[in-house]
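S.K.: Structure provided below as structure tokens; questions to follow.
The values are calculated or read from the model by the stated rules, or taken from the named source; none is laboratory data. On a predicted model such as this, the values are computed, not experimentally measured, just so you know. Don't worry about glycine lacking a Cβ; one is built from the backbone with ideal geometry, like all the others, and counts go over all protein chains shown. Quick note on the areas: whole protein, heavy atoms, side chains included, nothing else; ligands and nucleic acids left out. Shrake-Rupley method; radii C 1.70, N 1.55, O 1.52, S 1.80 Å.
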Amino acid sequence: MVKENNSINNFKNLKTVSINNLSHFYGKNENKKQVLNQVNLNIDKGELVLLKGPSGCGKTTLLTLIGALRTCQKGDLTVLNNQLNGASRKTRQILRRSIGMIFQGHNLLRCLTAEQNVQMGADLIKGLTYLQRREIARNWLSAVGLEEHHKKLPNDLSGGQKQRVAIARALSANPKLLLADEPTSALDSVTGREIVTLLRKLAKEQNCSVLMVTHDPRISDMADRILNMEDGKIYGAHSELI
Amino acid sequence: MSFSFLKFRKIPLAWLLLTRQPLRLAVAIAGISFAGILMFMQLGFRDGLFDTSVTIHKLLDADLVLISPRSKSSISMSGFPKRRLIQTLAVEDVEKTAPVNLNYLLWRNPENLKTRSILALGFNPSDSLLLDEGFAKKAYKLRNPSRVLFDKLSRPEFGPIEQWFLSEKKVETEVAGKRVIVEGLVELGPSFGADGNLITSRETFLRLFPANPPGSIEIGLVKLKKGSDPELISRILNNSLPNDVRVLTKKQFIEFEKNYWKNSTAIGFIFSLGALMGFVVGCVVVYQILYSDVTDHLPEYATLLAMGYRLKSLFFVVAREGFLLALFGYLPAYFSGQILYSVIRSSTKLPIIMDADKTILIFVLVLVMCMGSAAVAMRKLVDADPAEIF
Ligand SMILES: Nc1ncnc2c1ncn2[C@@H]1O[C@H](COP(=O)(O)OP(=O)(O)O)[C@@H](O)[C@H]1O
Ligand SMILES: [Mg+2]
């Protein structure tokens, strides 16, 4: 356990994400289909990277692999200094605590208030008392501008508010990496831009790397780098290839 | 580190999952309580019925009881020689003895003149028969011939004896075709074997039932000196007395009667089956509730896995839901059980009581029901795949 934590924290000189020749397949035998084809990608500490590409090109698959939600089949995938090719279930579960995830649907727990939802993230921090963790949750809720709505259930919040809660929840466990899959697709364009602006500001403050999948052309200007994906291949991953 | 428990305190997810859906929770509680009440009723009736079969046994003023080895229960008592009872006096710890005759005789209802079988006990009025304060005074009246004490809890088919007796109308009727006078009332209660009871002197008993072999009794009561060990003396007596008599402690005598009804009738089976049905109904209800809870929240559970929660902690959430449901469902069942028991007690005279055995047994059954159903519902959690939620 201690060893795992150290390995996550001592990556100072290393990339947040480092991918070499990563391939991924769905299905078996004659139904086998290649979704990722020799992907190469590096993400630096604190960097905000946008990933674009047509539907079905493999963006979500790449995100779930980086998020340690799927077993890595072929190639090198190193996230926060953890080699995920051949990693145990336990290693992946522990690593997930250092990765914040924001989904297309907000995926909040319906039976919990906004504050309790955020605290589900803060509860993963070891060694803090209940009140300290609640304090963290409150602070994050204020940071996304929802301190007045902390008692509300997700059903009583608007789409943009729910996505803010999801951002607060993702950041509350002090992640080193944020993964977001089309976080604005369910929002109108003004709200969408607001949300991404907020996400970018908070991530930069925490020096947290962000990999965001989006179709939204209006937020391209906020990225440090934009990658294009097509047919399981990434273009523009390394500056020298652009 | 004095508040270190605060480190383990988490959002009470199981509690919130249950209570934020009050309607479903109400259905669950109703279902579990219903199952619990059903079990309380079935097991209550079972124990109550077995207890009625030993009302008289429990009241007997004796430490040891002698019976014939051929006796199987109070409805089929055989006789044994009365001198066996006298022989017990040879053991120093025996203080006194009391011979008792027991048989079923025909009682005539003085109102409609129909006859019905009643359990009759005959004893020497100078002996102590029952552990009842006022009984000795009533027993005194049995010294006169043809006098009987009637059990006022006997079924109404025996006639309005209590009513007539209390209105100081002289109650006279026939037992086994011979005239008797009711000299008093006792309170014993009907049982499986007997719809009613009467107590009389041995002299009157033998007059009513002349076919009783001379010198033969059905029950011998033995009272020991203070501080003696009934178990030990019963062993000594069983070894020293001939095989035509069996010595039981009072406790064994009570068990002997209960066991007969437990083993030779389907009563225990029927009521246990009823309780089992309650158990099964409860399992189905809890399983349905928890299974639909897991299914409804599957994407949320998957989100928790994606956040880094262990599958094991999700299992605990469902297990805790099961535990909470057990508590929520058991408490109303317990209190309704208390109320229903007292209603049944007062309306049927059945000695149905909330004893520690039933209280604990049914709690354990409700707990097993809820935790078992939770364990089955948990298997659905394996379908929560964090890779599928993006
Ligand atoms: N679990 C799965 N099993 C089989 N095929 C899948 C699965 N998930 C995605 N696919 C397929 O893989 C391809 C890439 O999907 P995805 O990574 O979701 O693309 P994107 O997010 O870019 O739209 C699609 O053709 C999709 O149909
Ligand atoms: Mg996708």
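S.K.: Which of the following residues is open to solvent by 10 Å² or more (accessible area, probe 1.4 Å), outside any helix (DSSP H, G or I) and not charged (D, E, K, R): B:Tyr260, B:Tyr309, B:Tyr291? So that I can check it myself, show each step before the final result.
M.R.: Working: B:Tyr260 fails: outside any helix (DSSP H, G or I); B:Tyr291 fails: outside any helix (DSSP H, G or I).
So the residue among B:Tyr260, B:Tyr309, B:Tyr291 that is open to solvent by 10 Å² or more (accessible area, probe 1.4 Å), outside any helix (DSSP H, G or I) and not charged (D, E, K, R) is B:Tyr309.
S.K.: Moving to a separate point now. Of B:Leu18, B:Leu43, which residue is surrounded by 17 or more Cβ atoms within 10 Å (Cβ to Cβ), more than 16 Å from the chain's Cα centre (by Cα) and of a type outside the set (S, T, N, Q)?
M.R.: When all the criteria are applied, what remains is B:Leu18.
S.K.: Can you tell me which residue is surrounded by the most Cβ atoms within 10 Å (Cβ to Cβ) among those in segment A:17-29 that are in a strand (DSSP E or B) and near ligand 1 (Cβ under 10 Å from one of its atoms)? Before the answer, list the steps.
M.R.: Residues of segment A:17-29 that are in a strand (DSSP E or B), as a first pass: A:17-26.
Now narrow it down to the ones that are near ligand 1 (Cβ under 10 Å from one of its atoms): A:24-26.
Details: A:His24: 23, A:Phe25: 16, A:Tyr26: 13.
Looking at residues that are in a strand (DSSP E or B) and near ligand 1 (Cβ under 10 Å from one of its atoms), I get A:His24.
S.K.: Among the numbered conditions (1) touching a Gly at 6+ places or on another chain (Cβ under 8 Å); (2) crowded, with 17+ Cβ neighbours inside 10 Å, tell me where B:Leu188 comes up short.
M.R.: With (1) touching a Gly at 6+ places or on another chain (Cβ under 8 Å); (2) crowded, with 17+ Cβ neighbours inside 10 Å applied to B:Leu188, the lone miss is (1).
S.K.: I'd like to know if segment B:376-389 contains one or more residues that are among the hydrophobic types (A, V, I, L, M, F, W, C), touching a Gly at 6+ places or on another chain (Cβ under 6 Å) and more than 16 Å from ligand 2 (Cβ to nearest atom). Full working, then the answer.
M.R.: Here is the first cut: in segment B:376-389, the ones among the hydrophobic types (A, V, I, L, M, F, W, C) are B:376-378, B:381-382, B:384, B:387, B:389.
The next check asks that each one be touching a Gly at 6+ places or on another chain (Cβ under 6 Å); those that pass are none.
Looking for residues that are among the hydrophobic types (A, V, I, L, M, F, W, C), touching a Gly at 6+ places or on another chain (Cβ under 6 Å) and more than 16 Å from ligand 2 (Cβ to nearest atom), one finds none in segment B:376-389, hence no.
S.K.: Which one of these is in the same structural domain as B:Glu133 (by TED's automatic domain parsing), of a type in the set (Asp, Glu) and over 15 Å from B:Leu121 (Cβ atoms): B:Glu187, B:Glu172?
M.R.: Only one candidate passes the filter, namely B:Glu172.
S.K.: Shifting gears a bit: Looking only at segment A:216-234, which residues are in a helix (DSSP H, G or I), surrounded by fewer than 21 Cβ atoms within 10 Å (Cβ to Cβ) and in contact with a Leu (Cβ under 9 Å, 6 or more places away or on another chain)?
M.R.: Hits for segment A:216-234 are A:Ser220, A:Met222.
S.K.: Something else now. Taking segment B:343-354 on its own, how many of its residues are open to solvent by 50 Å² or more (accessible area, probe 1.4 Å) and either modelled with pLDDT of 90 or more or aromatic (Phe, Trp, Tyr) (or both)?
M.R.: Residues of segment B:343-354 that are open to solvent by 50 Å² or more (accessible area, probe 1.4 Å), as a first pass: B:343, B:345-349, B:353.
If we keep only those that are either modelled with pLDDT of 90 or more or aromatic (Phe, Trp, Tyr) (or both) too, we end up with B:343.
Within segment B:343-354, residues that are open to solvent by 50 Å² or more (accessible area, probe 1.4 Å) and either modelled with pLDDT of 90 or more or aromatic (Phe, Trp, Tyr) (or both) number 1.
S.K.: Return the residues of segment A:142-158 that are away from chain B (no Cβ under 14 Å) and surrounded by 16 or more Cβ atoms within 10 Å (Cβ to Cβ); say none if nothing qualifies.
M.R.: Quick first cut of segment A:142-158, residues away from chain B (no Cβ under 14 Å) only: A:142-149, A:157-158.
A:Ala143, A:Val144, A:Leu146, A:His149, A:Leu157 - these are the residues of segment A:142-158 that are away from chain B (no Cβ under 14 Å) and surrounded by 16 or more Cβ atoms within 10 Å (Cβ to Cβ).
S.K.: Go through segment B:214-230 and count every residue that is among the charged types (D, E, K, R) and assigned to a strand (DSSP E or B).
M.R.: Looking only at that region, the number is 1.
S.K.: Hey, another quick one. Residues of segment B:104-118 being over 11 Å from B:Lys178 (Cα atoms), of a type outside the set (Gly, Ala, Ser) and open to solvent by 30 Å² or more (accessible area, probe 1.4 Å), which ones?
M.R.: Residues satisfying the conditions are B:Tyr104, B:Glu111, B:Asn112, B:Leu113, B:Lys114, B:Thr115, B:Arg116.
S.K.: Quick check on A:Thr60: is it at pLDDT 90 or above and more than 30 Å from A:Arg164 (Cβ to Cβ)?
M.R.: no
S.K.: Could you say whether any residue in segment A:159-166 is more than 9 Å from chain B (Cβ to nearest Cβ), of a type in the set (Val, Ile, Thr) and part of a loop (DSSP other than H, G, I, E, B)?
M.R.: Looking through segment A:159-166, none of the residues is more than 9 Å from chain B (Cβ to nearest Cβ), of a type in the set (Val, Ile, Thr) and part of a loop (DSSP other than H, G, I, E, B).
S.K.: Would you check if A:Ile99 is under 23 Å from A:Asp224 (Cβ atoms), more than 16 Å from ligand 2 (Cβ to nearest atom), touching a residue at least 24 places away in the same chain (Cβ under 8 Å) and of a type in the set (A, V, I, L, M, F, W, C)?
M.R.: yes
S.K.: Name the residue, out of B:Asn103, B:Asn124, that is more than 24 Å from B:Arg235 (Cα to Cα), touching a residue at least 12 places away in the same chain (Cβ under 8 Å) and over 29 Å from the mean Cα position of the chain (by Cα).
M.R.: So the residue among B:Asn103, B:Asn124 that is more than 24 Å from B:Arg235 (Cα to Cα), touching a residue at least 12 places away in the same chain (Cβ under 8 Å) and over 29 Å from the mean Cα position of the chain (by Cα) is B:Asn124.
S.K.: While we're here: Quick test for you: out of A:Leu48, A:Leu65, A:Leu84, pick the one residue that is within 16 Å of ligand 1 (Cβ to nearest atom) and among the aliphatic types (A, V, I, L, M).
M.R.: A:Leu65
Residues are listed down the side, and each one gets a yes or a no for (1) within 9 Å of another protein chain (Cβ to nearest Cβ); (2) assigned to a loop (DSSP other than H, G, I, E, B):
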| site | (1), (2) |
| --- | --- |
| A:Leu77 | no, no |
| A:Asn85 | no, yes |
| A:Gly100 | yes, no |
| A:Gly105 | yes, yes |
| A:Leu108 | yes, yes |
| A:Glu115 | no, no |
| A:Leu124 | yes, yes |
| A:Gly127 | yes, yes |
| A:Glu135 | no, no |
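S.K.: Which ones in segment A:30-80 are without any contact (Cβ under 8 Å) to a residue 60 or more places away in the chain, open to solvent by 40 Å² or more (accessible area, probe 1.4 Å) and within 16 Å of ligand 2 (Cβ to nearest atom)?
M.R.: Once the filter is applied, which keeps residues that are without any contact (Cβ under 8 Å) to a residue 60 or more places away in the chain, open to solvent by 40 Å² or more (accessible area, probe 1.4 Å) and within 16 Å of ligand 2 (Cβ to nearest atom), segment A:30-80 yields A:Lys33, A:Ser55, A:Gly56, A:Arg70.
S.K.: Please state which of the following conditions B:Glu95 fails to meet, knowing it meets all the rest: (1) touching a strand residue (DSSP E or B) at 6+ places or on another chain (Cβ under 8 Å); (2) open to solvent by less than 70 Å² (accessible area, probe 1.4 Å).
M.R.: Going through (1) touching a strand residue (DSSP E or B) at 6+ places or on another chain (Cβ under 8 Å); (2) open to solvent by less than 70 Å² (accessible area, probe 1.4 Å) one by one, B:Glu95 breaks only (2).
Each row is one residue, and each column tells you yes or no for (1) within 16 Å of ligand 2 (Cβ to nearest atom); (2) within 12 Å of chain B (Cβ to nearest Cβ); (3) buried (at least 22 other Cβ atoms within 10 Å of the Cβ); (4) without any contact (Cβ under 8 Å) to a residue 40 or more places away in the chain.
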{"position": "A:Pro175", "(1), (2), (3), (4)": "no, yes, yes, no"}
{"position": "A:Asp181", "(1), (2), (3), (4)": "yes, yes, yes, no"}
{"position": "A:Ala186", "(1), (2), (3), (4)": "yes, no, no, no"}
{"position": "A:Leu199", "(1), (2), (3), (4)": "no, no, yes, no"}
{"position": "A:Cys208", "(1), (2), (3), (4)": "no, no, yes, no"}
{"position": "A:Thr214", "(1), (2), (3), (4)": "yes, no, yes, no"}
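S.K.: I would also like to ask the following. Of everything in segment B:363-375, what is within 19 Å of B:Gly44 (Cβ to Cβ) and touching a Gly at 6+ places or on another chain (Cβ under 6 Å)? Give them in sequence order.
M.R.: B:Val366, B:Met369
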